[in-house]
Amino acid sequence: MNSAEEDKMSEKTLDAELVNQAKQGKMEAFELLVNRYQQKVANVISKFVKDRHEIQDVAQEVFIKVFRALPNFRGDSSFYTWIYRIAVNTSKNHLVSKSRRIQNTQVEFEEAENFSSNEDQRNLDTPDAVYARGELEQTMSKAIATLPDDLKTAIVLREVDGLSYEEIAEKMDCPIGTVRSRIFRARDAIDQAMRPLLQDENTRKQNVR
Amino acid sequence: MSDKSNQNISELMDGELSSDCSKFLLKRMQSDSELKSSWNTYHMLRSCLQKEHDAPLIQDLGSAVVAQLNSHEHQKTTVAKKTNGWLKSFTGGAIAASVALFAVFSFNNMNQIEQTVNQPVFAKTSKQLINPPNATVVRVEQPTGYSRFPSLTPQVQEYINESNNQLTIPVYYNTDYVNDMIIKTRVHNAKYQADE
């Protein structure tokens, strides 16, 4: 490993740096950390909670707990391992408190006949929100599909196979600088395709607030 | 927003950017919404490609979490301020009440003292006539045998005896009574001398 390799900030160090800044009260650093792990945490929660609307609420609760517990995080395990445990515990607690709430709710006989035990059918999301999220996923998939082959290969080797830039350069038989550029161009193309949708989503959120 | 900055973000999230550049970029990203937005989208793309969407795609949860944390903090400080205000007014009230209470008590005590001082004292016995209670000035009877200088001339001893035999008059008695007493004493002495 040459000195340039050693000088790079690894993903683990990046997390540690953001955690340190968040511990010092820099909320913007914590915001970056949340957005870095939001989807991973949401996926953990979705193993326990089936309601799509509740997943986001529980994810929010998880990150609030994470922020409050940050002073206790010593960095012995990776940041993701730590928040994974918090996400599992919070999801379980959510299910327990929800089952208590359901037990305590009086259900009329007529309502009980129509009451479905399937969580998916009791989705509390508004149709607009469901549509917007569906559109987000569709746009993303479409943008990935329309990427030029060299960009798509580079980004898939990086994100799906988890190869380093050096390994991708070997595989694609091109200089490492080209790999850097291809991966960035792939991401940028998706970013451009998503931007109008994300702006609409932000406007919708602000209107809801 | 430059392509170079976005390329740096791309490299940063892959752990391919130098430490110095990474630290600088992290600082910049925290105050630049465009760069923050790119960071979010790049991570969404990662989640999408890694088939991490059992859950719906979540977008910018960070701002919602930070807003909630800030509102919790705001509520805490508001509650603390309210409690402080209540405590302050309570403390102020308590101090005012204690000062008032002290003033009332001390005023009553002063009255009592003044009352005892101004209250006239009347001699009821012959001893009290000579040494009345609460008298401001009294003459103290000197024992005849007392002297720090026993070798003093007999004239001095005689003077002490004479002064001890004189009527002791407390200073606060009214002048009419005193004059009356003096006249009576002189008349009595004159009669006594005439009889002799």
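The values are calculated or read from the model by the stated rules, or taken from the named source; none is laboratory data. Remember, predicted model here, so these are calculated numbers, not experimental data. With ideal geometry, Cβ positions are generated from the backbone for all residues, glycine too; neighbour counts draw on all protein chains shown.
The figures follow:
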{"read-out": "Any chance A:GLU113 is modelled with pLDDT of 80 or more and not hydrophobic (A, V, I, L, M, F, W, C)", "value": "no"}
{"read-out": "Residue pairs meeting the criteria (Cβ under 9 Å; at least 6 apart or on separate chains; first closer than 26 Å to A:LEU33 by Cα and free of Cβ contacts under 8 Å to residues at least 12 places away in the same chain, in region A:84-98; second among the basic types (Lys, Arg) and surrounded by 14 or more Cβ atoms within 10 Å (Cβ to Cβ))", "value": "A:ASN89/A:LYS65"}
{"read-out": "Count of residues meeting criterion [more than 17 Å from A:LYS8 (Cα to Cα) and part of a loop (DSSP other than H, G, I, E, B)] in region A:163-183", "value": "3"}
{"read-out": "Residues satisfying the stated conditions in region B:31-72, i.e. more than 7 Å from chain A (Cβ to nearest Cβ), within 18 Å of A:PHE67 (Cβ to Cβ) and hydroxyl-bearing (Ser, Thr, Tyr)", "value": "B:SER71"}
{"read-out": "Enumeration of residues in region A:134-152 that are of a type outside the set (Gly, Ala, Ser), in a helix (DSSP H, G or I) and in contact (Cβ under 8 Å) with a residue 40 or more places away in the chain", "value": "A:GLU135, A:LEU136, A:THR139, A:MET140, A:LYS142, A:ILE144"}
{"read-out": "Test: residue in region A:50-70 that is among the acidic types (Asp, Glu) and within 9 Å of chain B (Cβ to nearest Cβ)", "value": "no"}
{"read-out": "Positions within region B:1-22 being more than 7 Å from chain A (Cβ to nearest Cβ) and either under 60 Å from the mean Cα position of the chain (by Cα) or touching a residue at least 24 places away in the same chain (Cβ under 8 Å) (or both), in sequence order", "value": "B:MET1, B:SER5, B:ILE9, B:MET13, B:ASP20, B:CYS21"}
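Yes or no, residue by residue, for (1) assigned to a loop (DSSP other than H, G, I, E, B); (2) surrounded by 21 or more Cβ atoms within 10 Å (Cβ to Cβ); (3) not basic (Lys, Arg):
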| position | (1), (2), (3) |
| --- | --- |
| A:THR13 | no, no, yes |
| A:ALA22 | no, yes, yes |
| A:VAL34 | no, yes, yes |
| A:VAL41 | no, yes, yes |
| A:PHE48 | yes, no, yes |
| A:ARG74 | yes, no, no |
| A:SER77 | yes, no, yes |
| A:ILE83 | no, yes, yes |
| A:SER97 | no, no, yes |
